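Single-structure report; data block below.
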Amino acid sequence: MRQVSLNAQILLGAVVGIALGFGFSGLGQTSEITQTGLYVAKLIGTLFIDLLRMVLIPLVFTSIVVGVANLRAHRQMNRVWQVTLCYFFATMAIAVVLGLAAANLFQPGSGLQIAMFQDAIQGFQATQMSLGDFFAQFLRSLFQNPIAALAQGNVLAVVIFALLLGIALVIGGERYRNILALMQEFLELILMLVGWIMRLAPLGIMALLLQLVATQDAQLLSTMIAFVAVVLGATLVHGLIVLPLILYLTTGVTPYQFWLGAREALITAVATSSSAATLPVTLRCVEQHLHVKRDVAGFVIPVGATMNMDGTALYEAVAALFIANLVGIELTFAQQLIVFLTAMLAAIGAPGIPSAGMVTMVVVLQSVGLPVEAIAILMPVDRLLDTFRTMVNVEGDMVGSLVVQKWVTKSDG
Ligand code: ASP
């Protein structure tokens, strides 16, 4: 009963936040009431995200170690990671193809004057990063002193170390049962903390959405309307049709059942624009509401939150074609193939934090010789688009955990 009321509170918080946001934006940025309102909202919103980030690293670490170690019982470890990676790549590839198709069909940006954005472009300092540099940097960030990775909050390196430790526990077997039991208990405690933090979610989400709506610049949005519409349209097709269809066909879970179980995490993703910050909520949703077993969820969700980003991959592809249109370059089929590959790579490499996809965008643009400075054009609308792509990123992880669980139990029986 309490679960239901928390869900209702979160929905209510979201609606009130959006309404207040419109109210404040109607009053204008200079009004004293707006400024006080935004100040309070920022304080509460930041605090909520800080709380989620506080539990993030211990949660990722323990859930992966326990997740992998428990796979021993199934003798399914190979199957779990194989199906997981196949699912991640397949869904991200579909997302990029969808983005490329939509951008080719609607040609956003072809009518716009690049001169209009000259100022933005000139004021932007691009970090030069070639595909090789990016790849090397990505590889190097995988392996780090685990204590440093834990302390610095480097999620990817924590994931890798936890995976290795989990595998060692599987191979070591009974002898290390105490460490495994310790990890298990630690995980349970962290999940208890997550439960407490979730009580604050309605307020936190209200504050974050209020801020988002009140600080949107409607005029800039309307200049970019075609681009925004193509990205949102394609992202919604992926999130509302493609992923639910995959889910239904493989597991029989209907979109409505999924929504009921997943909504806490989806709304948190919209409010925080961060798959990493949402991760504690995502894990809770799939385990408690969607009944994915801890060993599968503990592996698929944390790895997915750092690697599997359908929304980001789709966005990178559309944005690259949009910028090509703006500068009047027609990308050939071969060049679009490069965009396809680099968009996936850039999405995998993007950490689950706000606007990360825009930073790794550099790689996609450089790979086909587009001006990196053009990223400045995307900045004003990124905040809005980030909310939707993060939601689809998180949705993809949750659908993935259900699909993987189905495949693994299928071959179990
Ligand atoms: N904000 C996104 C996420 O956390 C990453 C991105 O910027 O695309 O999933």
Pairs, first over 17 Å from F333 (Cα atoms) in segment 85-111, second polar (S, T, N, Q) and in a helix (DSSP H, G or I), C-beta under 8 Å, six or more apart | P108/N325; G109/N325; S110/N325
What about L85, is it open to solvent by 20 Å² or more (accessible area, probe 1.4 Å) and closer than 30 Å to I171 by Cα?
-> yes
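Quick check, is F161 at pLDDT 85 or above and crowded, with 17+ Cβ neighbours inside 10 Å?
Yes; evaluated as a whole, the condition is true for this residue.
Looking only at segment 245-256, which residues are open to solvent by 20 Å² or more (accessible area, probe 1.4 Å) and in contact (Cβ under 8 Å) with a residue 60 or more places away in the chain?
I246, T250, T251, V253
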Just a yes or no: is a residue in segment 310-331 at pLDDT below 90, farther than 19 Å from N104 by Cβ and crowded, with 24+ Cβ neighbours inside 10 Å?
-> no
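With the structure loaded, tell me whether A214 is in contact with a Ser or Thr (Cβ under 6 Å, 6 or more places away or on another chain) and farther than 30 Å from V97 by Cα or whether it fails that test.
So A214 fits the description; yes.
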Just give me the residues in segment 51-74 being within 15 Å of W407 (Cβ to Cβ) and open to solvent by 20 Å² or more (accessible area, probe 1.4 Å), in sequence order.
-> H74
Mind checking whether some residue in segment 380-403 is more than 9 Å from the ligand (Cβ to nearest atom), open to solvent by less than 10 Å² (accessible area, probe 1.4 Å), of a type outside the set (S, T, Y) and farther than 19 Å from T84 by Cα?
-> yes
Positions within segment 170-222 being more than 28 Å from N7 (Cβ to Cβ) and not in a helix (DSSP H, G or I), in sequence order = D217
List the pairs whose first member sits in segment 257-281 and is more than 11 Å from the ligand (Cβ to nearest atom) and part of a helix (DSSP H, G or I), whose second member is open to solvent by 10 Å² or more (accessible area, probe 1.4 Å) and of a type in the set (D, E, K, R), and whose Cβ atoms are under 9 Å apart, counting only residues at least 6 apart or on separate chains?
-> F258/E395; A262/E395; E264/R284; A265/R284; A265/E395; L266/E395
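Quick check on segment 1-47: of everything there that is of a type in the set (A, V, I, L, M) and open to solvent by 80 Å² or more (accessible area, probe 1.4 Å), which residue is nearest to T278 (Cα to Cα)?
The residue in question is L47.
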Residue by residue through segment 212-228, note down the ones that are within 20 Å of the chain's Cα centre (by Cα) and open to solvent by 30 Å² or more (accessible area, probe 1.4 Å).
-> none
Would you say M192 is surrounded by 19 or more Cβ atoms within 10 Å (Cβ to Cβ), more than 30 Å from A90 (Cα to Cα) and either touching a residue at least 40 places away in the same chain (Cβ under 8 Å) or not β-branched (V, I, T) (or both)?
-> no
Can you find even one residue in segment 310-318 that is of a type in the set (S, T, Y), away from the ligand (no atom under 13 Å from the Cβ) and farther than 30 Å from Q76 by Cβ?
-> no
For L345, which of the numbered conditions (1) open to solvent by less than 10 Å² (accessible area, probe 1.4 Å); (2) over 14 Å from the mean Cα position of the chain (by Cα); (3) modelled with pLDDT of 85 or more; (4) within 16 Å of the ligand (Cβ to nearest atom) fails to hold?
-> (1)
Within segment 257-276, residues being of a type in the set (D, E, K, R) and either open to solvent by 10 Å² or more (accessible area, probe 1.4 Å) or within 15 Å of L385 (Cβ to Cβ) (or both) number 1
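The values are calculated or read from the model by the stated rules, or taken from the named source; none is laboratory data. On a predicted model such as this, the values are computed, not experimentally measured, just so you know. Note that we place each Cβ from the backbone using ideal geometry, even for glycine, and neighbour counts take in every protein chain shown. We work out accessible area using only protein heavy atoms, side chains counted, and drop any ligands, DNA or RNA first. Shrake-Rupley method; radii C 1.70, N 1.55, O 1.52, S 1.80 Å.
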